[in-house]
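Read the structure below first, then the notes.
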There are 2 protein chains.
Amino acid sequence: MTQYIPALTWLKSYDSTQFRDDLIAAVIVTILLIPQSLAYAMLAGVPPEVGLYASILPLIGYAIFGTSRTLSVGPVAVISLMTATSLGSVAQQLNVSYVEAATTLALLSGAMLTIMGVLRLGFITHFLSHAVISGFISASGIIIAIGQLKHIVGIEASGGDLTRLVPSYFNHIDQFHPATFLLGAAVIILLYIAKSFAARGLIALGLKPSIAAPLARTTPIIAVALSIIAVVSMGLEQQGVAITGNIPSGLPSFHLAIPSLELIELLWLPALLISIIGYVESVSVGRTLAAKRQQKVDPNQELLGLGAANLASGFSGAFPVTGGFARSVVNFDAGAVTQASSIMAAVGIGLAALFLTPALYFLPKATLAATIIVAVISLVDWHIFECTWRYSRPDFWAVFTTVAITLSAGVEVGVASGVIVSIALHLYRTSKPHIAEIGRVAGTEHFRNVRRYRVETCRHLYCVRIDESLFFANASYLEDHVLDVVYQRGDVSDIVLNCAAVNEIDFSALEMLEALNKRLSDQGITLHLAEVKGPVLDRLSRGHFLLELSGRVFLTQHDAFKTLSQRQLGGGHE
Amino acid sequence: MTQYIPALTWLKSYDSTQFRDDLIAAVIVTILLIPQSLAYAMLAGVPPEVGLYASILPLIGYAIFGTSRTLSVGPVAVISLMTATSLGSVAQQLNVSYVEAATTLALLSGAMLTIMGVLRLGFITHFLSHAVISGFISASGIIIAIGQLKHIVGIEASGGDLTRLVPSYFNHIDQFHPATFLLGAAVIILLYIAKSFAARGLIALGLKPSIAAPLARTTPIIAVALSIIAVVSMGLEQQGVAITGNIPSGLPSFHLAIPSLELIELLWLPALLISIIGYVESVSVGRTLAAKRQQKVDPNQELLGLGAANLASGFSGAFPVTGGFARSVVNFDAGAVTQASSIMAAVGIGLAALFLTPALYFLPKATLAATIIVAVISLVDWHIFECTWRYSRPDFWAVFTTVAITLSAGVEVGVASGVIVSIALHLYRTSKPHIAEIGRVAGTEHFRNVRRYRVETCRHLYCVRIDESLFFANASYLEDHVLDVVYQRGDVSDIVLNCAAVNEIDFSALEMLEALNKRLSDQGITLHLAEVKGPVLDRLSRGHFLLELSGRVFLTQHDAFKTLSQRQLGGGHE
């Protein structure tokens, strides 16, 4: 039972000390979540109250089914951008409302994550190169920052990638609005100063570092308060500064609309990409935090936790969510010990949705945009280019391709090409396993690569070691290699295939071995095996390969070498 | 020069003995090729003369650029079926003639193969599991045989898969034509008898086995002759037996029509699938024959050879071709020693196209269908199900899926799903490398898997060996595994990661190692490496991982074990 509902493990021994710790963390997280929810709703293109809804039930869904004790789930920047991008094109094609489409996206994403969790398909996400994801996140950060700039300068720019976004600023440059710009710039500066000095200031004021650090991250709420005061006191609304306006008070109502097949057909691919990116990022945050307290996240159960969060989001009329880095760190640093903290934060946001919304009427959009920009700038990591360039060129080109495509064609095409580039890299690498000719280290029973060590070899004997399991993707490569060597040397009479590193031989590789054995026999060359592992040998004896094998199966390489080098009359050691 | 034009190697020393051998083989191959070319043209849905054109210039193209000495290129069954299937849907969408579309398919396929050859992308085809291809070929054979049955029973059936093909027979069952059926059945029986007894009969008549065997394979020409005689003498045409009719005499004219972008967009994917399947099959035939004479085929140069053949086919107004198994074996067995044999066969077919076509007017379609059916039945290999079931379940399910989808949805969807299933299998397997805890074999410096050997271990020391290079697809798997073990054991203080089998660490894996090191440090656990290979260590020192590593890099596992087990005060050997 606790396997499927991890919340039961901490619920059993929950006490008042834990409650106090969780409550403090929940208060701080709630303060952080209010402006974040409104801001990411704006980024995703949905009304502000939908942002609040996305921070209520989803938190409870994850709290019940997720395995991280401190992960904080809700709307995050990259997923919100992906939502906006995928809905931008769809909303025109169908006559459903934008919010309805966003809700469908959350439902589909929740359903996919849940199915993947039930089928234990967490491993699928392993095929996204982490370097490629870093590149994708950085590029998304740039697109988000430049996209949100429109709220700071008051220009109606649009576009999901730089090739459309940048020109649209220049086309509407006459809309530049000085008052909005002053306000937005002031908030950005305030947030940056707070980021650098707030924690130290709070400690100087006598707060404990363990509270000061997370509290310092909640400065966006101060920016929100100050800018509302500025708008009201200076009458900025009359000067044309865009404000949030009326936000309906109340809790989310329960939606159970089964999406139409037409809508599913349009949204399944975006939903899949959102699910994968959201999952990979969330698990990475969860793992980091869990390790700090010697806890553990279960990758397959995390699929169920995030699935539940997104289903809850969809049923409460909100949009896709995932575990966020910044807010989880705040939750963790503020001393949260269980997911009860998230449940209390959900209650906090619920109260805000009920009572706080009238106070947010005059909240300028520039302030929200400023909090987004400051948050996403920290996602941008140019370092990855330098590191990969120095460390490995193929990785560099994979990252470069992903970043270039994301910036020039948007997040959807960007992440899709990231996946394709990752898989192509993987296929290329695994199809060319390391193959070495080996010889005997004089006076020992050890065999080593002839290119790296001074070893004894024997003229008519070719001893070859493959450093990987044999399966269809590398079978021909080995075959080509062996036939090539045989053709070039011309005088090989015996080949020993050292299988010490072969953990598996699949059916296609078995067929290759049968064909190779036959082809070598036709040329009068005997094929032997050596150091075949027990399970591999068991499996081989199910087919007829071992009966047809022209040579023998030796227990050790030394055995093979001794037997075969003595048998050859003319050929001495070289 | 000889690298790019392999024909130069044998041309340099070509003599009259070789010429005589090649000529005999060429005559036999020509006799075989005439009915085959007509039959596969019928299968592909193009006029009969186009089949002859596909057996003239393409043979010369391959003879110049291909590396196999005895491979015989031309129209083959599976590729002809794939051509018919892909053109079936396109011909309705565009107002180009069917033959023009077939020619475009050959051109595109030739261009793709050539580009892949120049870029040396032969390795791409390694990702098609051979077992999956066997399944696909078997399923195609069944579709072809059942599809051609319509010519034997005189029913107008149609459809590219069994779900459409089988019902269409029942819907038109009233068209059943007894005379056609008798003729077709007679030819099938004749061909089967010939297949079983002709070679022995010819040897009994005094022919050398080396000539009797290939000559026995040319019985289709006798079937052609006999059935023409039957049609003429019995006036079967008036009774409604379908005949080939007028075949324009003459050689192919040179076409240089650059296909429209619209046509390319529709045909690129079918062309790619045709190229890949054709290439894989052809290389497999070429390799088998080359090995018998200690020769060699170069997989990348083969791309150029087949590319030239298909470009030649496209420019002479014909359809996609590749190396065929049956005819190559005939060529080989009949004693061909160089590709001059193919060039002479091309001349033979050219003469047939010029002078023989009037004689083929009364050739019944049932006879051609019978030769196809007898040829493809031998492609069907049910054995693969039994073998894979016995040997490896994942392979079985991959083959089963491919066969089921091909039969029920046709060759295009079938081969595409075969590719996807192959890649999915590959990804799944390589993402879960073998990871073993190792311990010391008492009294030695050898370390072995604790599950397979009696070894010494040390309570607080966890020695783990991964049997694969580390890269993004398996990095998280290793990380999860290590964190899992640490979490379960609870008292690990040192971890030694044995890298003896690690030939590469990619950037994502490096990031994983950095994170793992950090996460373990947070829990007070030290991470060490052992037996890191030289090139891997060189690369690691380019980043900052080695500086941050909490533990040491040991030269040998023994070193690590000795140092770390002594250091631990409380923990003795177990």
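The values are calculated or read from the model by the stated rules, or taken from the named source; none is laboratory data. Everything numeric in this text was worked out from a predicted model, so none of it was measured. Reconstructed Cβ throughout: ideal geometry from the backbone, glycine too, with neighbour counts over all protein chains shown.
In the stretch B:500-518, which residue that is over 33 Å from the mean Cα position of the chain (by Cα) and of a type in the set (Asp, Glu) is farthest from the other protein chains (Cβ to nearest Cβ)?
B:Glu514
Just to confirm my filter: which strands (runs of 3 or more DSSP E) fall fully inside the stretch A:421-538 and include at least 2 residues that are buried (at least 22 other Cβ atoms within 10 Å of the Cβ)?
Details: elements: A:435-440, A:447-449, A:461-466, A:494-498, A:526-530.
It comes to A:435-440, A:461-466, A:494-498, A:526-530.
Answer with yes or no whether A:Arg164 is over 29 Å from A:Val73 (Cβ atoms), of a type in the set (Lys, Arg) and over 14 Å from the mean Cα position of the chain (by Cα).
On the way: over 29 Å from A:Val73 (Cβ atoms): yes; of a type in the set (Lys, Arg): yes; over 14 Å from the mean Cα position of the chain (by Cα): yes.
For A:Arg164, the condition - over 29 Å from A:Val73 (Cβ atoms), of a type in the set (Lys, Arg) and over 14 Å from the mean Cα position of the chain (by Cα) - is met.
For the condition of a type in the set (Ser, Thr, Tyr), in contact (Cβ under 8 Å) with a residue 12 or more places away in the chain and either within 13 Å of chain A (Cβ to nearest Cβ) or touching a Lys or Arg at 6+ places or on another chain (Cβ under 7 Å) (or both), what is the one hit in B:Thr526, B:Thr556?
Working: B:Thr526 fails: either within 13 Å of chain A (Cβ to nearest Cβ) or touching a Lys or Arg at 6+ places or on another chain (Cβ under 7 Å) (or both).
From the options B:Thr526, B:Thr556, the qualifying one is B:Thr556.
Out of B:Thr9, B:Thr67, B:Thr83, which single residue is closer than 23 Å to B:Val96 by Cα, polar (S, T, N, Q) and either part of a helix (DSSP H, G or I) or in the same structural domain as B:Val374 (by TED's automatic domain parsing) (or both)? Walk me through it before giving the result.
Working: B:Thr9 fails: closer than 23 Å to B:Val96 by Cα; B:Thr67 fails: closer than 23 Å to B:Val96 by Cα.
The conditions single out B:Thr83.
Looking only at the stretch A:256-279, which residues are over 21 Å from A:Ala63 (Cβ atoms) and either within 14 Å of another protein chain (Cβ to nearest Cβ) or not in a helix (DSSP H, G or I) (or both)?
If the condition is that a residue be over 21 Å from A:Ala63 (Cβ atoms) and either within 14 Å of another protein chain (Cβ to nearest Cβ) or not in a helix (DSSP H, G or I) (or both), then A:Leu256, A:Ala257, A:Ile258, A:Pro259, A:Ser260, A:Ile276 are the ones that fit.
Taking B:Arg287 as the residue in question, decide whether it is touching a Leu at 6+ places or on another chain (Cβ under 9 Å), over 26 Å from B:Ser417 (Cα atoms) and within 14 Å of chain A (Cβ to nearest Cβ). Steps first, please.
On the way: touching a Leu at 6+ places or on another chain (Cβ under 9 Å): yes; over 26 Å from B:Ser417 (Cα atoms): yes; within 14 Å of chain A (Cβ to nearest Cβ): yes.
Judged against the criteria, B:Arg287 is a match.
In the stretch A:373-400, what count of residues is obtained for those that are assigned to a helix (DSSP H, G or I) and within 14 Å of chain B (Cβ to nearest Cβ)?
Residues flagged as assigned to a helix (DSSP H, G or I) and within 14 Å of chain B (Cβ to nearest Cβ) within the stretch A:373-400 amount to 17.
Report every pair of residues separated by at least 6 positions or lying on different chains whose Cβ atoms are under 7 Å apart, first residue within the stretch B:174-185 and free of Cβ contacts under 8 Å to residues at least 24 places away in the same chain and surrounded by fewer than 18 Cβ atoms within 10 Å (Cβ to Cβ), second of a type in the set (A, V, I, L, M, F, W, C) and in a helix (DSSP H, G or I).
Partner pairs satisfying both residue conditions: B:Phe176/B:Val153.
Do you know which residues across the stretch B:385-431 are modelled with pLDDT of 85 or more and of a type in the set (A, V, I, L, M)?
Within the stretch B:385-431, B:Ala398, B:Val399, B:Val403, B:Ala404, B:Ile405, B:Leu407, B:Ala409, B:Val411, B:Val413 qualify.
Can you find a residue in the stretch B:371-385 that is surrounded by 20 or more Cβ atoms within 10 Å (Cβ to Cβ) and not aliphatic (A, V, I, L, M)?
So far as the stretch B:371-385 goes, yes, one or more of its residues are surrounded by 20 or more Cβ atoms within 10 Å (Cβ to Cβ) and not aliphatic (A, V, I, L, M).
Among the candidates A:Gly439, A:Gly418, which residue alone is touching a strand residue (DSSP E or B) at 6+ places or on another chain (Cβ under 6 Å) and more than 9 Å from chain B (Cβ to nearest Cβ)? Don't jump to the end; show me each part of the working.
Values: A:Gly418 fails: touching a strand residue (DSSP E or B) at 6+ places or on another chain (Cβ under 6 Å).
That would be A:Gly439, the only listed residue that is touching a strand residue (DSSP E or B) at 6+ places or on another chain (Cβ under 6 Å) and more than 9 Å from chain B (Cβ to nearest Cβ).
Return the pair list, or none, for Cβ contacts closer than 7 Å from residues in the stretch A:471-499 that are more than 11 Å from chain B (Cβ to nearest Cβ) and touching a residue at least 12 places away in the same chain (Cβ under 8 Å) to residues that are of a type in the set (Lys, Arg) and in a strand (DSSP E or B), at least 6 apart or on different chains.
Correct list of pairs: A:Asn498/A:Arg465.
Which residues, taken from the stretch A:539-568, are among the aliphatic types (A, V, I, L, M) and either part of a helix (DSSP H, G or I) or more than 30 Å from B:Cys387 (Cβ to Cβ) (or both)? Can you show your working first?
The initial filter retains those residues of the stretch A:539-568 that are among the aliphatic types (A, V, I, L, M), namely A:540, A:546-547, A:549, A:553, A:555, A:560, A:564.
Scanning the stretch A:539-568 gives A:Leu540, A:Leu546, A:Leu547, A:Ala560, A:Leu564.
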